[in-house]
Structures are given as structure tokens and as C-alpha cells.
Amino acid sequence: YTTLANYLANAAAYNATIFINTPITTDSNGNVFFGFRVQGTAPAPLSTTQSGFARIDPNGNGTYVLAGTAANDATINRDSHNSAPALSNDESTLYVVAKANSTGQGYLIGLNSTTLATRYRVFLRDPRNTSGAQISDDSTASPTVAPDNDVYIGILSNPGNGSRGFLLRFSSDLTIQK
């Protein structure tokens, strides 16, 4: 999120507000990807209450995108706790889940794996009624990319159904739900 010198100058503030809260995903070039949760307001340069997604290259250079920016939705402010980022088979797209803290609803997002710019997004819906699906922080549902490049994600139903949900399947550009 910042330089090592800036971190060391304000380590207590960083450590008190920013937490890696997803599994770490790596690509074949040694880039590392993860989601982070902000509690309170993160220090500069983030200066935000939003969570987001980060990439660190093998030389230690970091890039990040905030959840709301990635989703292109001002109501979205969190990554999904415990949800591992997934890479496309050619490693050009990073799939992540972002949601609104207020509703628990949100998006499956495809980010450019180098710049973290948004390439694709789809609002996750309960297939029974098209209501916004619930994305739980108590889950480990993570995007998964199949050999045919389809992307899968588990969601909870809305309205609730005894903690049961659905496995959704999308084309790699997230435009077709299968």
C-alpha cells in the first residue's frame, strides 16, 4: 500500500487498521494476490474505510484497488472474508468477490491481473428469484476457474434457506450465467 519507509514510520496505524483476510494466491511469475480488510480508517496513502485487493510483484512493488472502485458501485465497501482470489488459466484475469457490508450482497469481479483494473463484473443473484445473493463472511466460497475457463462461485440464497445456497457458473467474461 505504501513504501517500506512509510510503513515503518507509521507501522502501528497500519497494523491496527489493515488486515489480510483472504488466502494468498500466486501466479507462475511470483506475483502474490490477496484481499485486505480495513477496520476504522487506514492511514495514507489509503486514507479509507474500504477494503480491497492487492498485488505484490516479485520485487516487492505493490498495487491495490479498493472494493467499491473494482465493483464500480459506491455501495460496495468490502472484500469477502476467507474468499481466495482465483486466476484465469492464462493468468491474465484475477477473479474476486466484493460486497456491501450493509446488505451482504455484491459482485464477482474479473480484474486485470497486472493493473487490477476491472475487466468484468456481475452482480450475484439467487437463481430462484433474482434477488441479490448473500455473500457470507462465515464461508470459504471462493471463485474457481475450470479447465474450460468457466468461473464458479458459491452463494447463499435470498431469502435464507437454512444456510443453503447455490453454485453459480459463468463464462470467463462473466456475461453468461450457465
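Read the figures in this text as sums done on the coordinates, not as results from a lab. Note that the coordinates shown come from a computational prediction; the quantities given were computed from them, not determined experimentally. Here Cβ is always computed from backbone atoms with ideal geometry, including for glycine, and neighbour counts include all displayed protein chains.
Pull out the extension gain between Leu167 and Ser92, defined as 0.36 nm times the separation in residues minus the alpha carbon to alpha carbon distance; nm, one decimal. Don't skip to the answer; put the middle values down first.
Values: separation 75, 0.36 × 75 = 27.00 nm, distance 2.36 nm.
In short, 24.6 nm is gained.
Label zone of Ser28 (point 7 Å out along Cα→Cβ, amide N under 11 Å): in the range 74-90 this covers 89-90. For the range 44-88, the fraction of alpha-carbon pairs lying more than 11 Å apart is 72 percent, rounded to a whole number. In percent, how large is the relative contact order of the range 82-178, given Cα pairs closer than 8 Å and 6 or more residues apart? Relative contact order for the range 82-178 comes out at 24 percent.
Sum -39500 (n - 2.57) across every DSSP H segment of at least 4 residues in the chain, then divide by the residue count to get the 222 nm mean residue ellipticity, nearest 500.
-2500 deg cm²/dmol
Seen from every direction in turn and averaged, the convex hull around the alpha carbons of the range 27-67 projects onto 2.9 nm².
Under a point-charge model restricted to the Cβ atoms of Lys and Arg (+1) and Asp and Glu (-1), what is the dipole moment magnitude of the range 1-125 relative to its Cα centre, in debye to the nearest 20?
Details: 7 positive and 6 negative charges, 73 e Å.
My answer is approximately 360 debye.
The largest-to-smallest principal axis extents of the Cα set in the range 109-178 are 39, 24, 21 Å.
Peptide packing for 72-83, 135-146, 93-104 was compared via the average number of neighbouring C-beta atoms within 10 Å per residue; ordered from the highest value, the list is 93-104, 72-83, 135-146.
Report the semi-axes of the equivalent ellipsoid for the range 51-150 in whole Å, largest first, where each axis is √(5λ) for an eigenvalue λ of the Cα gyration tensor. Working shown, then result.
On the way: eigenvalues 98, 52, 28 Å².
Working from the Cα gyration tensor, I get semi-axes of 22, 16, 12 Å.
Given just the C-alpha atoms of the chain, how large is their convex hull per residue in cubic angstrom?
105 Å³
Projecting label points 7 angstrom from Cα along Cα→Cβ for Thr115 and Asn15 puts them 3.6 nm apart.
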